[in-house]
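The next block holds one structure in the form of structure tokens; read it before the comments.
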Amino acid sequence: MAELQSLGLSGPASEPPPPPPPQPPRVRSRKVFGQFIFVILLLLSAGAGALAGLVFVYSSDLPQVRQLMDYRPDVMTELYADDGTPIGSFALEHRVMVTYDQIPRGLIDAVLSVEDRHFESHWGVDVIGVARAALTDLLE
């Protein structure tokens with residue numbers, strides 16, 4: 001028994017080991033500093049994205065808005081006989097100019113239903129749809 005006591009293994013009546021030394025309290029300023037760095041990096045990332053978007057828009061060959069009002073796509077070239085009857089037509093793309101009133105309502109509804117079924121009931125951005133998509137992305 002004396003051998004056990006010399007080794008610190010005296011049996012079931014021994015004293016419990018001393019508690020570990022207390023940990024120093026976490027410094028709150030480290031947490032605040034980390035959050036500050038995160039916000040700064042987030043703002044820098046947003047600024048870099050906005051700058052990249054501006055560079056992309058201004059470096060591309062997009063037409064000016066005024067040019068879009070006078071848009072004239074290439075249409076078919078039609079050949080006519082002397083009496084006015086059509087002989088044939090030639091084109092790289094078979095385009096026929098139509099007005100909005102000439103487009104069937106079923107086609108308009110089909111395009112809108114594929115893109116956004118609530119297109120005519122919101123101001124351009126379906127906030128509920130965007131929130132639903134964001135929630136779905138977060139959950140999956």
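The values are calculated or read from the model by the stated rules, or taken from the named source; none is laboratory data. Keep in mind that what you see is a predicted model, and the values were worked out from it rather than measured. Neighbour counts are summed over all protein chains in view; Cβ atoms, including those assigned to glycine, are modelled from backbone coordinates with ideal geometry.
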Residue among VAL57, VAL96, VAL75 that alone is assigned to a helix (DSSP H, G or I) and either modelled with pLDDT under 90 or more than 28 Å from ASP126 (Cα to Cα) (or both): VAL57
Of the residues that sit in segment 109-128 and are charged (D, E, K, R) and not in a loop (DSSP other than H, G, I, E, B), which one is nearest to the chain's Cα centre (by Cα)? GLU115
The one condition GLY106 fails out of (1) surrounded by fewer than 10 Cβ atoms within 10 Å (Cβ to Cβ); (2) over 31 Å from the mean Cα position of the chain (by Cα) is (2)
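Looking at segment 71-98 only, could you name the residues that are acidic (Asp, Glu), over 36 Å from the mean Cα position of the chain (by Cα) and loosely packed, with under 10 Cβ neighbours inside 10 Å?
The answer is ASP82, ASP83.
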